[in-house]
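Working notes, structure below.
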Amino acid sequence: MEQLSLTFGHSENALKRRFEKAMGREVILTITDNISSMLTVKAKEETLSVRLNRIFLGAALDVIDEVAQFLKKGRGKTPLINSFIREKRGCLREKAARRVNAKPSGKHYDLKGIYESVNMEYFKNMVTASITWGTKNPRYAVRRRTLGSFSSHSNTIRITPVLDSPRVPRYFIEFIVYHEMLHANMGVEKTRNGRRSVHPREFKEREREFKEYGRAVAWEKKNRV
């Protein structure tokens, strides 16, 4: 029986074989240095495409087995994975913290609490980006696409301070945070002609999974923020 070394870490091929054994199907495993999202999964016909952060090469075997079960079921609690990511989160955010002075606390809303809630409910705490209110610029006309942004370079989500207002419902801010966390989680796809696809079909489908999607879209259409 194959044993994965807990001392020297796991090889990519060993993890691939372990996942395939648990799944009963082919797994295309890509080890990444993406610090925005620890784990992303995408079904492709008979195969499963898995992108896994490099830190998992050094994870304990029980953490790896929980990853395998998560891939198999696509849902469920992941306490070991969450604990492992929390242990590594400080190192992952260290470089980003040097670049960005995050200020998540606003006058009316605390983005940190919103971010943590959304991360737990929709991403199993797999998103590691920092979040902050952006800088006010009264000369800049705010549009839908600038309500939030995600920088992969600094691994930071910025939300326009225009939304830090008592007249803006919390569910709408949660929706904007969720939208930017999707960018962090999914990255940017390239089309066949090499162009960047910021909001591909899968992104739009996952965006609609937000529980207050219809309500948030309706509020945005009715109000100018």
- request: Just subtract the alpha-carbon distance of ASP33 and ASN13 from 0.36 nm times their residue separation and send over the number in nm, one decimal.
  value: 5.5 nm
query: Short version: ³J(HN,Hα) in whole Hz for each residue of segment 16-33, in order, from phi by Karplus 6.51 cos²θ - 1.76 cosθ + 1.60 (θ = phi - 60°), x for Gly and Pro, what are they?
result: 4, 5, 5, 5, 5, 5, 6, 7, x, 8, 5, 10, 9, 9, 10, 8, 10, 10
- request: Keeping every protein chain in place, order LYS88, LYS77, LYS72 by accessible area at 1.4 Å, biggest value first, i.e. largest first.
  value: LYS77, LYS72, LYS88
statement: Sorted by accessible surface (1.4 Å probe, heavy atoms of the protein chains only), largest first, TYR178, TYR213 come out as TYR213, TYR178
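The values are calculated or read from the model by the stated rules, or taken from the named source; none is laboratory data. All values derive from a computational prediction rather than experimental measurement. Side chains included, ligands, DNA and RNA excluded: accessible areas come from the protein's heavy atoms. Shrake-Rupley method; radii C 1.70, N 1.55, O 1.52, S 1.80 Å.
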